[in-house]
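This structure is in structure tokens; I'll ask about it shortly.
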Amino acid sequence: MSSIVLFGPPGAGKGTQAERITDTTGLPQISTGDMLRAAVKAGTETGKLAKSFMEAGQLVPDEVIIDLIKERITLPDAKDGVMFDGFPRTVPQAEALATITEVSHVIAIEVPDERIVERICGRYSCAACGSVYHDTFNPVPSEGCACGQWQEKRRADDNEATVTSRLQAYHEQTSPLAAWYRSRGIFHQIDGDREIDAITADILAALN
Ligand code: AP5
């Protein structure tokens with residue numbers, strides 16, 4: 001089994017691209033952010049622990065994340081590999097991942113910090129299917145989401161104050177991972193400050 005990692009700052013477009021690449025590769029998307037939000041909503045012990053970190057824009061402790069991934073990876077849909085979205089985010093998470101599955105490609109979507117704030121503050125999604133939209137850059141069609149059950153949802157942590165902390169966590173704790181993966185020869189840099197379709201094309205080319 002061989003897996004893909006989507007890497008990049010908050011709001012870089014990891015979720016947007018994961019949705020498209022999953023259609024082509026057939027690999028299921030595993031988003032630790034989505035898993036944590038589901039745990040918070042369900043009121044599980046993991047959710048209770050994660051909530052304050054997420055609200056503050058800080059990373060949830062490694063051991064919590066690694067346990068979540070170890071459990072998720074045992075599900076049948078993960079047997080031929082997966083696409084990680086937002087994981088790993090620290091070197092200890094990457095070291096743990098290396099013991100769980102082989103990673104064939106790390107796709108780094110690069111977007112300057114000044115673009116991130118406008119992306120995150122304008123983001124919304126469909127509560128029914130999870131498709132991600134943006135007030136300016138990627139609005140939902142006038143007839144509603146393609147799933148037919150359009151219901152707008154905005155994330156609690158998508159505000160200017162939290163974005164600053166999330167960017168700080170990214171630069172201090174996550175970006176060192178780039179060198180870790182580059183030294184393994186599987187790191188692909190993609191300019192994420194372009195049209196969504198152009199980025200998808202470059203990612204698919206890197207995967208081929
Ligand atoms: P998580 O849910 O992973 O959030 P994130 O990394 O901050 O990433 P986002 O989901 O915000 O952004 P994205 O890159 O997917 O961008 P999107 O496609 O939506 O994590 C949330 C929290 O959970 C963390 O802060 C942390 O507390 C915790 N957590 C999660 N994983 C963890 C881990 N491994 N370890 C520890 N803690 C963890 O796009 C953003 C917007 O831009 C959208 O509106 C979209 O329509 C728009 N857009 C996308 N592409 C483009 C483009 N090319 N041009 C213009 N607009 C675009």
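The values are calculated or read from the model by the stated rules, or taken from the named source; none is laboratory data. A quick note: this is a predicted structure, and the numbers were derived from the prediction, not measured. Positions of Cβ are backbone-derived with ideal geometry, glycine not excepted, and every protein chain shown enters the neighbour counts.
Being closer than 20 Å to THR22 by Cα and within 19 Å of the chain's Cα centre (by Cα), is that true of even one residue in the range 146-164?
Taking the range 146-164 as the starting set, the residues that turn out to be closer than 20 Å to THR22 by Cα are 146-147.
Pick out the ones that are also within 19 Å of the chain's Cα centre (by Cα) and you get none.
Among the residues of the range 146-164, not one is closer than 20 Å to THR22 by Cα and within 19 Å of the chain's Cα centre (by Cα), which makes the answer no.
Go through the range 8-43 and count every residue that is of a type in the set (Asp, Glu) and farther than 24 Å from PRO112 by Cβ.
Step one: filter the range 8-43 for residues of a type in the set (Asp, Glu), giving 19, 23, 34.
Narrowing further to those that are farther than 24 Å from PRO112 by Cβ: 23, 34.
Adding up the residues that qualify gives 2.
When you look at ASP202, is it touching a strand residue (DSSP E or B) at 6+ places or on another chain (Cβ under 8 Å), surrounded by fewer than 16 Cβ atoms within 10 Å (Cβ to Cβ) and modelled with pLDDT of 95 or more, yes or no? So that I can check it myself, show each step before the final result.
On the way: touching a strand residue (DSSP E or B) at 6+ places or on another chain (Cβ under 8 Å): yes; surrounded by fewer than 16 Cβ atoms within 10 Å (Cβ to Cβ): no; modelled with pLDDT of 95 or more: yes.
No, not satisfied.
Here's something else I'd like to know. Taking the range 16-32 as the search range and keeping residues that are assigned to a helix (DSSP H, G or I) and either away from the ligand (no atom under 11 Å from the Cβ) or touching a Lys or Arg at 6+ places or on another chain (Cβ under 9 Å) (or both), which one is nearest to TYR170 (Cα to Cα)? Write out each step before concluding.
Here is the first cut: in the range 16-32, the residues assigned to a helix (DSSP H, G or I) are 16-25, 32.
Within this subset, residues satisfying the condition of being either away from the ligand (no atom under 11 Å from the Cβ) or touching a Lys or Arg at 6+ places or on another chain (Cβ under 9 Å) (or both) are 21-25, 32.
Details: ILE21: 23, THR22: 24, ASP23: 28, THR24: 28, THR25: 27, THR32: 15 Å.
Per the criteria, the residue is THR32.
Hey, can you tell me all the residues within the range 77-109 that are more than 12 Å from the ligand (Cβ to nearest atom), part of a loop (DSSP other than H, G, I, E, B) and out of contact with any strand residue (DSSP E or B) (no Cβ under 6 Å at 6 or more places or on another chain)?
Passing the criteria: LYS79, ASP80, THR99, ILE100.
For the range 171-190, name all the residues that are surrounded by 16 or more Cβ atoms within 10 Å (Cβ to Cβ), outside any helix (DSSP H, G or I) and either of a type in the set (A, V, I, L, M, F, W, C) or in contact with a helix residue (DSSP H, G or I) (Cβ under 8 Å, 6 or more places away or on another chain) (or both).
Listed by number, the residues that qualify are PHE187, HIS188, ILE190.
Are any residues in the range 62-81 surrounded by 13 or more Cβ atoms within 10 Å (Cβ to Cβ) and aliphatic (A, V, I, L, M), and if so, which ones?
VAL64, ILE65, ILE66, LEU68, ILE69, ILE73, ALA78
Separate question: Out of (1) out of contact with any Cys (no Cβ under 8 Å at 6 or more places or on another chain); (2) exposed (fewer than 15 other Cβ atoms within 10 Å of the Cβ), what's the single condition that is false for LYS153?
That leaves (1) as the condition not met.
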